[in-house]
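In what follows, a single structure is set out as structure tokens and then discussed.
The values are calculated or read from the model by the stated rules, or taken from the named source; none is laboratory data. Here the structure is a predicted model, which is why all the values come from computation and not from measurement. Virtual Cβ from ideal backbone geometry, glycine too; neighbours counted across all protein chains shown.
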């Protein structure tokens, strides 16, 4: 999942970036309102972490402008402003959550997962699609009850599909979920990851929509059909 972090304290930003990377997030960091607006135009973010005290103004002003423009990306305000009135202003200004500094990284991760669950209309944290299940917190995937080992990028790609099970996602959207703005991406990298997921989870796990992109396959097409028949006999 891609996170846009808007934080002008370099030490805090680097700590968040490193901590979230361990939990499977791709994080791009900017340090001003102006840079944040440019970044949001350049990359599809699943969630935004927004500081209020930025060099070019109050981050809440930026958030209100985004909401007025119809941008509905989930936003967690992360700030040192801890007064009740500040929290109310943040939530009424369009924030989906509000966390006060100093904070615990595990709590931040839990809140981000909760925002993603709400955005996806899910009540539980596990992502389930037929016999395929993913625990995004513990980074574990099972197929028909069997644990499947996936490296980081494949986990991130699968999570992107499971969070949007009915959507057709373009190659650019999928790359945004896997790579930061500063990372160089080989032209065939996405196709390689998709090939590996199909090999491990069944050829029907990801469908190609020609000329448009890719989408998650139907539940009955995921896994090895021969093995499914054997299991049900």
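For this structure, a couple of remarks:
- Residue within the stretch 68-79 that is in contact (Cβ under 8 Å) with a residue 12 or more places away in the chain, closer than 22 Å to residue 114 by Cα and out of contact with any helix residue (DSSP H, G or I) (no Cβ under 8 Å at 6 or more places or on another chain) present: no
- Pairs with Cβ under 6 Å, 6+ apart, first in the stretch 138-156 and on the phi < 0 side of the Ramachandran plot and surrounded by 10 or more Cβ atoms within 10 Å (Cβ to Cβ), second at pLDDT below 90 and outside any loop (DSSP other than H, G, I, E, B): 153/178; 156/178
- Filter pass, residue 162 being crowded, with 20+ Cβ neighbours inside 10 Å and in contact with a strand residue (DSSP E or B) (Cβ under 8 Å, 6 or more places away or on another chain): yes
- Looking only at residues in the stretch 98-109 that are assigned to a helix (DSSP H, G or I) and touching a residue at least 60 places away in the same chain (Cβ under 8 Å), the one that is nearest to residue 85 (Cα to Cα) is 108.
- Looking at the stretch 1-86, the strands (runs of 3 or more DSSP E) lying wholly inside it that each contain 2 or more residues that are farther than 18 Å from residue 183 by Cβ sit at 47-50, 75-79.
- Candidate set from the stretch 6-17 (those that are closer than 26 Å to residue 140 by Cβ and in contact with a strand residue (DSSP E or B) (Cβ under 9 Å, 6 or more places away or on another chain)); member that is surrounded by the fewest Cβ atoms within 10 Å (Cβ to Cβ): 17
- Just one of the numbered conditions (1) over 13 Å from the mean Cα position of the chain (by Cα); (2) surrounded by 17 or more Cβ atoms within 10 Å (Cβ to Cβ) is not true of residue 109: (1).
- Residue list for the stretch 175-201, filter: in contact with a strand residue (DSSP E or B) (Cβ under 8 Å, 6 or more places away or on another chain) and modelled with pLDDT of 90 or more: 194, 197, 198, 200, 201
- Options 91, 155, 112, 162; residue that is in a helix (DSSP H, G or I), at pLDDT 90 or above and closer than 16 Å to residue 52 by Cβ: 91
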